[in-house]
Amino acid sequence: MSDGPRRSLEISLERLETPCRIGVGDEERQVAQTLLVDVRLTPLVVSDHAADDLTATVDYGAVASLVVATAAERPYRLLERLSTEIADRLWAMAALAELHVTVRKPSPPVGWPAAAAAVQVTYRR
């Protein structure tokens, strides 16, 4: 039998604003738009956080920097491609049990009023 409860830890970064040149049409990609990105990470190993040490966890500042750098790196046509690119890089950056990346594009040009278009990518071990 185990000595104590099994712990899991979820770290999230919500509604991170990042500029990105994204869109299916050429003219839509000419000017950067603000996207909103949510990231939820579950580390594979939960460290003893009594030490209060950043090196024992996932640095969400580094996560934010990776997301913004990926979005700014080049123009994208699809939210699907950008969200997968972000997820691939985060998955490689940290030992994770689970990862969710959601990218939202406010007021997408769909011909009807819409608050946002969104794509969520989920990875699990």
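A few points about this structure:
- Residues being more than 20 Å from Thr70 (Cα to Cα) and modelled with pLDDT of 95 or more - total across the range 108-125: 6
- Taking (1) over 20 Å from Val45 (Cβ atoms); (2) of a type outside the set (A, V, I, L, M); (3) exposed (fewer than 15 other Cβ atoms within 10 Å of the Cβ) in turn, Arg124 satisfies each apart from (1).
- Taking the criterion of being modelled with pLDDT under 95 and either outside any helix (DSSP H, G or I) or closer than 30 Å to Asp26 by Cα (or both), the residues of the range 52-66 that qualify are Asp52, Asp53, Thr57, Val58, Asp59.
- All conditions but one from (1) in contact with a Leu (Cβ under 8 Å, 6 or more places away or on another chain); (2) at pLDDT 95 or above; (3) not in a strand (DSSP E or B) apply to Ala69; the one that does not is (1).
- Residue in the range 20-32 that is at pLDDT below 95 and either under 22 Å from Thr122 (Cβ atoms) or of a type in the set (A, V, I, L, M) (or both) present: yes
- Count - residues of the range 84-125 that are in contact (Cβ under 8 Å) with a residue 40 or more places away in the chain and part of a helix (DSSP H, G or I): 2
- Between Arg77, Arg89, the distinction of being more than 19 Å from Leu13 (Cα to Cα), modelled with pLDDT of 95 or more and surrounded by 14 or more Cβ atoms within 10 Å (Cβ to Cβ) belongs to Arg77 only.
- Cβ-Cβ contacts under 8 Å between residues 6 or more apart (or on different chains), taken from a first residue in the range 63-79 that is within 17 Å of Leu99 (Cβ to Cβ) to a second residue that is polar (S, T, N, Q) and surrounded by fewer than 13 Cβ atoms within 10 Å (Cβ to Cβ), are absent.
- Residue under evaluation Lys105, criteria (1) farther than 17 Å from Leu13 by Cβ; (2) within 14 Å of the chain's Cα centre (by Cα); (3) surrounded by fewer than 18 Cβ atoms within 10 Å (Cβ to Cβ); (4) among the charged types (D, E, K, R), criterion not met: (3)
The values are calculated or read from the model by the stated rules, or taken from the named source; none is laboratory data. Model, not experiment: these values are computed from the prediction. Cβ sites come from the backbone with ideal geometry, for glycine too, and all protein chains shown count toward neighbours.
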